[in-house]
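To start, the structure under review is shown below, and the notes come after it.
The values are calculated or read from the model by the stated rules, or taken from the named source; none is laboratory data. Only a predicted model underlies this, so the values are computations on that prediction, with no experimental measurement involved. All Cβ positions, even for glycine, are placed from backbone atoms using ideal geometry, and neighbour counts span all protein chains on display. What goes into the accessible areas is simple: the full protein's heavy atoms, side chains included, and nothing from ligands, DNA or RNA. Shrake-Rupley method; radii C 1.70, N 1.55, O 1.52, S 1.80 Å.
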Amino acid sequence: MRKSSRKIPVPLLLLLSVLLLVAAAFLTMRLIPSRTLSAFMERQYSSRFYDREGKLLYIMPLGDGLRREYYPLDKMGTNLVQAFIDAEDRGFRRHFGVNLLSLARAALQNGREGRVVSGASTITMQLARIIWPRKGKVTVAVKAKEALLAVYLEAKLSKDEILELYLNSVPFGQQIEGVGSAARSFFSSEPSSLSPEQCVMLAEIPRRPADSRLGKVFPYPSLCMHFVNHVIAAYKEKDRRIPPAVELAIDSKLNSHAEFLIQKKLEEYKDSRIHNGAAIVLDNRTGEVLVWAGNASFDDDAHSGQIDGVSVRNQPGSSMKPFLYALAMEEGFSPSSVLPDIQQDFGSGGVYVPLNFNNRYNGPVRFRTALASSLNIPAVYLLHEIGLKKYMERLYLLGFGSLKGSEESTGLSLALGASEVTLEEMARAFSVFTNDGLLMEVSYTKAGADARVGWKRAYKSDTARVMCDILTDESARSLGFGHASVFDTPYPSIFKTGTSNQFQNIIALGSTTSYTVAVWMGNFEGETVIGETGSSVPARVVRSLLDELTQTGGAASFRQPASYRKARLCALSGLLPAASCPSVVEEYVSKGSKIGSCTWHYAENGRLKVRYPSEYQHWADSRNFLGNSAQGTGDAEGPLTITYPRNGAVFIYDASLPPSVQFLSVTAVGGQEKSASLSLDGQPVGTASQVFSWSVPLSRGTHVLSVTCGTERAVSEFEVK
């Protein structure tokens, strides 16, 4: 019996062969790489920057002001996507890059009319033309090439990928590409928010951009520009691509309020040459930057408004002192330690002689008072005792990268904030005290659940807690500042202020458990501020911002140090009070520490006297205090001698203080009379009685002092560099 055989019909065989060839061609095309396509898909888009509430702040332009934003297909809106398919390629979902039916129809129409009256370009072919732009005249060969490239794109990409790439790249004229930028430019809207009518109107523009009815272009937003520019620079510095959409941590409303507060103060003190100001606010719980106001107005060209005062380096003055005192606590000093606030020479050869702002010397002062009242000499003393290298290492740990390489040029004046740092560095470092000793990682974008990952310990918890207690102590602050109501907040807070460079820079820092605020004021021209010591001016802005923040974010109480206890101590000596001690204070002392009894105070013939340690005798004698030693000045038994400054002394002029408060205390002993006169460089200064002491202004150069007492004369020569 013969087996029957069936032959495959030739037409079917041909069809199968064609299908196999097409499949093979598609597979081959999928495997063929294209550098041009890869580069096109990886090109930079105009990044959008939003604040923490989703408010659009800025759209970064590309070269020549081009705006080309990227939106995922599902964020464009169904109406907009369908409008472009209806207008450009109704068969988009059914063809493989080339619509053969449309191509045939267009060929017949064009042949009948003898000219091009109809095109058959698909969305995929249009995308191919964008990726591989035409060169020269449009010929059949050029169209054929575009058709082949369209098929290639269909092989490489899915329909949604092609559509998304096309809609994000289609040109609209006027330096606008992509439906996202087009929707914003012509309708001031997100693409997904367009009405159906607006979608249709937008889909018509790419055919004839010059003939568009939508001639008006809405302006792009430009808010929080100092911060946005800083973030862009940070991405570029790390050689990182900026995402299409960046959700920043900044609160644009609060940022505007900060700019307003700064502007008010600048207007109030414009005659004092305070032309510029900056503010930064950090969230202590997350590290987020809530405010970054680099100036009162970005558009103030008259006063360099585009310079970012938050990232500019300036001398912080006394606002640096808490970092030194905190280190001193961890190096053996305590809140009850007594520090010398007397005229001292530090160094050798060229000596550094620090002065207090008011040119007063307070003698022995407790650690707490020295910091809270921002006395200069105790701070320099601490740095001299601790060592510059150790302090610099701690400042590096605190994030003061701006100080790299400044060790030798700064010296002991670093205790007074004589080196330049940024306001951002100051705010971040100051937050360690209310953050229990932890140094935050500053976050420019919205922080997630892992916000505190990477935070490191800068000081012990108890060190930070004691520092908070000192920086809130109104009575300890009164020696240097009196009662400053700006620091008297109804919530727990700490403050520190500083001035520098003859008041060119005036700085204030404030912090609660939730927020840290730093404000700088001065001018970018380098001019001396007139008539204002200054620190109270930015302090008022800090206070206003903390008030605003506390209304919404609250402020918890500061925690008590676990390894310390409160003890009653003599207010002068810092020792356990004796019966003769006239003033007693409560102070933190380390648990388990042994404290001696005060031997400084004693009674003699019914009078209270003070027996100062030897290092304070010169200071006590110069002020005619009663103690257990001779006065030492105006003593007829000894020869007339200038005891300070020594002959040949070399002093370093302190550029961080204005000339009006830089004085040198001159003292002399001996002589046959009860009065003596002093001259400086041949010019009379004045006459002193009983205690031979004068104050003379410091100025650079070599100077000669001459003291005359009766027939005796003493001379001392010194130099100020």
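Overview of values
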quantity: The stretch 349-402 - residue that is in contact with a Lys or Arg (Cβ under 7 Å, 6 or more places away or on another chain) and either open to solvent by 10 Å² or more (accessible area, probe 1.4 Å) or in a helix (DSSP H, G or I) (or both) and, of those, modelled with the lowest pLDDT; calculated: GLY350
quantity: Given (1) in a loop (DSSP other than H, G, I, E, B); (2) open to solvent by 10 Å² or more (accessible area, probe 1.4 Å), number of the condition GLU408 does not satisfy; calculated: (1)
quantity: Some residue of the stretch 495-506 being among the polar types (S, T, N, Q), modelled with pLDDT of 85 or more and part of a loop (DSSP other than H, G, I, E, B); calculated: no
quantity: Filter pass, GLN551 being among the polar types (S, T, N, Q), outside any strand (DSSP E or B) and free of Cβ contacts under 8 Å to residues at least 24 places away in the same chain; calculated: yes
quantity: Pick from the stretch 147-158, criterion part of a helix (DSSP H, G or I) and open to solvent by 10 Å² or more (accessible area, probe 1.4 Å), ranking: nearest to ARG94 (Cα to Cα); calculated: GLU154
quantity: Some residue of the stretch 431-449 being farther than 27 Å from ALA484 by Cβ, at pLDDT 95 or above and small (Gly, Ala, Ser); calculated: yes
quantity: Considering residues of the stretch 411-457 that are charged (D, E, K, R) and in a loop (DSSP other than H, G, I, E, B) only, the residue nearest to LEU388 (Cα to Cα); calculated: GLU420
quantity: Residue in the stretch 666-676 that is in a loop (DSSP other than H, G, I, E, B), open to solvent by less than 20 Å² (accessible area, probe 1.4 Å) and modelled with pLDDT under 80 present; calculated: no
quantity: Residue list for the stretch 590-615, restricted to those being hydrophobic (A, V, I, L, M, F, W, C) and open to solvent by 50 Å² or more (accessible area, probe 1.4 Å); calculated: ALA603, LEU608
quantity: Selection count, the stretch 616-653, where residues are of a type outside the set (Lys, Arg), modelled with pLDDT under 70 and surrounded by fewer than 21 Cβ atoms within 10 Å (Cβ to Cβ); calculated: 14
quantity: Residue list for the stretch 463-494, restricted to those being at pLDDT 85 or above, among the hydrophobic types (A, V, I, L, M, F, W, C) and part of a helix (DSSP H, G or I); calculated: ALA464, VAL466, MET467, CYS468, ILE470, LEU471, VAL486, PHE487
quantity: Per-region count, the stretch 120-144, residues free of Cβ contacts under 8 Å to residues at least 12 places away in the same chain and part of a helix (DSSP H, G or I); calculated: 5
quantity: Segments classed as helices (runs of 4 or more DSSP H), wholly inside the stretch 168-255, with at least 2 members that are over 27 Å from GLY305 (Cβ atoms) and without any contact (Cβ under 8 Å) to a residue 40 or more places away in the chain; calculated: 178-187, 196-204
quantity: Considering residues of the stretch 20-37 that are surrounded by fewer than 10 Cβ atoms within 10 Å (Cβ to Cβ) and part of a helix (DSSP H, G or I) only, the residue modelled with the highest pLDDT; calculated: ARG35
quantity: Meets criteria (out of contact with any His (no Cβ under 7 Å at 6 or more places or on another chain) and at pLDDT 95 or above) for SER409; calculated: no
quantity: Residue list for the stretch 261-277, restricted to those being open to solvent by less than 10 Å² (accessible area, probe 1.4 Å) and either touching a Pro at 6+ places or on another chain (Cβ under 9 Å) or of a type in the set (D, E, K, R) (or both); calculated: ILE262, GLY277
quantity: Residues of the stretch 265-284 that turn out to be modelled with pLDDT under 95, outside any strand (DSSP E or B) and of a type outside the set (Ser, Thr, Tyr), as a count; calculated: 9
quantity: Criterion violated by THR78 - all others in (1) open to solvent by 80 Å² or more (accessible area, probe 1.4 Å); (2) modelled with pLDDT under 90; (3) not basic (Lys, Arg) satisfied; calculated: (2)
quantity: Among residues of the stretch 186-202, those that are out of contact with any Pro (no Cβ under 9 Å at 6 or more places or on another chain) and surrounded by 23 or more Cβ atoms within 10 Å (Cβ to Cβ), counted; calculated: 3
quantity: Lone unmet requirement of (1) among the acidic types (Asp, Glu); (2) surrounded by 14 or more Cβ atoms within 10 Å (Cβ to Cβ); (3) closer than 19 Å to TYR71 by Cβ for GLU161; calculated: (2)
quantity: Matching entry among GLY91, GLY54, GLY63 (being within 42 Å of the chain's Cα centre (by Cα), at negative phi, of a type outside the set (A, V, I, L, M, F, W, C) and surrounded by fewer than 20 Cβ atoms within 10 Å (Cβ to Cβ)); calculated: GLY63
quantity: Flag if VAL517 is surrounded by 19 or more Cβ atoms within 10 Å (Cβ to Cβ), among the β-branched types (Val, Ile, Thr) and assigned to a loop (DSSP other than H, G, I, E, B); calculated: no
quantity: Residue under evaluation ARG208, criteria (1) open to solvent by less than 20 Å² (accessible area, probe 1.4 Å); (2) out of contact with any Leu (no Cβ under 8 Å at 6 or more places or on another chain), criterion not met; calculated: (1)
quantity: Among the residues listed as GLU587, GLU548, the single one being open to solvent by 70 Å² or more (accessible area, probe 1.4 Å), at pLDDT 95 or above and either closer than 29 Å to TYR459 by Cβ or of a type in the set (Phe, Trp, Tyr) (or both); calculated: GLU548
quantity: Check on ARG559, under 21 Å from THR434 (Cα atoms), surrounded by fewer than 16 Cβ atoms within 10 Å (Cβ to Cβ), charged (D, E, K, R) and in contact with an Asp or Glu (Cβ under 9 Å, 6 or more places away or on another chain); calculated: yes
